Every structure is written in structure tokens, then in C-alpha cells.
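Notes to accompany the following structure.
The values are calculated or read from the model by the stated rules, or taken from the named source; none is laboratory data. Since this is a predicted model, take the numbers as computed values, not measurements. All Cβ positions, even for glycine, are placed from backbone atoms using ideal geometry, and neighbour counts span all protein chains on display.
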Amino acid sequence: MREFSAVVLAGGRGSRMGRSKADLPFHGKTLLERIVAELAAAFDDIVVVAHPRGLHPDLQLPHARIIKDDREYEGPLPALARGLGAIRGDAAFACSCDMALVDSRVARALCAMLEEYDAVVPQVAGILQPLHAVYRKRCAAAIDAMVARGKSRLREIVDSVPARRVEEEALRKLDPELTSLFNVNTPGDYQRALRMAAR
């Protein structure tokens with residue numbers, strides 16, 4: 001998998017959580033530290049896209065390179081384009097820093113599905129999951145064009161590049177409970193993720 005990198009978006013506001021998600025405590029690490037450590041099992045090159053002010057100084061991320069958004073809270077489209085522009089590989093698995101239970105094996109399997117496509121995007125209950133997906137580096141230009149057209153929804157990328165949608169049935173063969181795609185958006189989600197990780 002050396003041709004693949006990983007990108008983690010960590011510049012969000014965390015408004016529903018009421019604080020930054022990246023440095024939430026998570027079983028002896030922070031949420032971001034746990035995600036980066038898990039992805040390091042599958043990817044030699046990991047890029048974290050952070051807020052312009054950077055990350056909490058106590059975060060330990062020896063496996064990652066940190067780059068910063070140009071402006072704060074621009075949304076995931078510019079952040080993903082910036083991350084893809086910085087990767088060393090031809091393509092990257094991309095996720096957000098609230099994917100508490102991301103699984104490197106699932107990420108690897110999605111990368112293997114890229115083939116001739118420019119993106120591999122899971123779909124659960126009919127809803128695309130563009131922040132647990134795979135993108136070629138050249139998707140950065142397509143994302144920049146989307147932003148220039150006033151687009152802000154990352155899910156619309158499947159209409160802008162040759163994208164393979166991975167349906168829920170296929171995903172459950174890799175991850176029966178779909179835990180790798182679980183988002184921590186609220187304090188309730190956070191407590192649930194802690195319980196799931198403990199199991």
C-alpha cells in the first residue's frame with residue numbers, strides 16, 4: 001500500500017460537541033492520536049490538516065505531517081484539497097478526526113477498490129460517506145473547481161470525478177457493524193464511542 005497515503009481533517013469547529021474533537025481523551029490517547037496511530041498500521045505517509053492556529057501542543061503525532069488550513073472553518077472541501085495536495089502517494093484514504101473507531105483494515109480494503117476510478121466513496125443507508133473514502137491526488141483540482149463554483153457539500157464530489165460507490169452490503173462484509181464509519185458529533189456519540197472501543 002505504499003502508493004497510498006492517509007489524510008485526516010482536524011480543523012473543524014466541533015460546535016455540536018462544544019469543543020475541539022481532536023484532543024478529546026480516548027482510552028489513554030486523544031481522539032486524533034488514536035486515529036493517526038491506527039492509520040499508521042496501514043500507511044507510511046499521513047497528513048493531518050489542522051486549524052490555522054495548529055493543534056494542541058501536547059498532542060503526540062510522530063507518524064503524521066501537520067499542515068494548516070489557509071482560513072479557519074472553511075469546511076471540508078478546501079481542507080481535503082489541501083491534504084491531497086500534500087500527500088506523497090498517488091491517492092489517499094481520507095477521514096475526519098471524529099471517526100473514533102476508524103479501522104486501518106477497512107481503509108486498506110477501500111484503497112484496493114480504487115482501480116481505474118478517481119474516488120471510492122462508501123454509501124450507508126443511501127447516504128454517501130465522503131470522509132471515510134479514497135481519493136486520487138488529482139481530485140484536489142476537481143475540488144478546487146467545485147469551491148470556485150460555490151459548492152460546499154463534499155458529497156457532490158461523486159458528480160465531479162469518476163467515483164466508485166461502495167454499497168452498505170459490501171461494506172458490512174468488511175466491517176459488520178460499520179464501526180469504522182461511526183462519527184463522534186455530540187457528547188452522546190462520544191460516550192457511545194468510548195463504550196464501543198472498550199468492548
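Within segment 49-76, if we keep just the residues that are within 12 Å of residue 12 (Cα to Cα) and of a type in the set (A, V, I, L, M), the residue that is nearest to the chain's Cα centre (by Cα) turns out to be 49. List the pairs whose first member sits in segment 86-100 and is in contact (Cβ under 8 Å) with a residue 12 or more places away in the chain and among the aliphatic types (A, V, I, L, M), whose second member is buried (at least 23 other Cβ atoms within 10 Å of the Cβ) and in a loop (DSSP other than H, G, I, E, B), and whose Cβ atoms are under 6 Å apart, counting only residues at least 6 apart or on separate chains? Taking only residues 6 or more apart or on different chains, the pairs are 100/184.
Number of residues in segment 60-92 that are part of a loop (DSSP other than H, G, I, E, B) and within 25 Å of residue 193 (Cα to Cα): the value is 6.
Taking first residues from segment 57-82 that are in contact (Cβ under 8 Å) with a residue 60 or more places away in the chain and within 25 Å of residue 26 (Cβ to Cβ) and partners that are exposed (fewer than 15 other Cβ atoms within 10 Å of the Cβ) and of a type in the set (Lys, Arg), the Cβ contacts under 6 Å between residues at least 6 apart in sequence or on separate chains come to 73/13. Only one of the numbered conditions (1) hydrophobic (A, V, I, L, M, F, W, C); (2) out of contact with any Pro (no Cβ under 7 Å at 6 or more places or on another chain); (3) closer than 19 Å to residue 91 by Cβ is not met by residue 124, and that is (3). Only residues that are under 17 Å from the mean Cα position of the chain (by Cα) and over 23 Å from residue 12 (Cα atoms) were counted across segment 142-163, and they come to 1. Pairs meeting the criteria (first residue in segment 128-155 and at pLDDT 95 or above, second residue among the polar types (S, T, N, Q) and buried (at least 20 other Cβ atoms within 10 Å of the Cβ), beta carbons under 8 Å, at least 6 apart or on different chains) are 131/96; 132/180. Among the candidates 11, 75, the residue that is touching a Ser or Thr at 6+ places or on another chain (Cβ under 6 Å), farther than 30 Å from residue 176 by Cβ and not aromatic (Phe, Trp, Tyr) is uniquely 75.
Select from segment 72-88 the residues that are among the charged types (D, E, K, R) and under 19 Å from residue 154 (Cα atoms) and write down the one among them that is surrounded by the most Cβ atoms within 10 Å (Cβ to Cβ). If we take residues in segment 72-88 being among the charged types (D, E, K, R) and under 19 Å from residue 154 (Cα atoms), then 82 is surrounded by the most Cβ atoms within 10 Å (Cβ to Cβ).
The residues of segment 167-185 that are touching a residue at least 12 places away in the same chain (Cβ under 8 Å) and either exposed (fewer than 13 other Cβ atoms within 10 Å of the Cβ) or at positive phi (or both), listed by number, are 167, 178.
Filtered by the rule that a residue be at pLDDT 85 or above and not aliphatic (A, V, I, L, M), segment 61-91 gives 62, 63, 65, 68, 76, 78, 82, 83, 85, 88, 89, 90. When we screen 170, 145, 140 for residues that are touching a helix residue (DSSP H, G or I) at 6+ places or on another chain (Cβ under 7 Å) and not β-branched (Val, Ile, Thr), the only hit is 140.
If I go through segment 25-71 residue by residue, how many of them are surrounded by 19 or more Cβ atoms within 10 Å (Cβ to Cβ) and more than 27 Å from residue 110 (Cα to Cα)? Total satisfying the criteria: 2.
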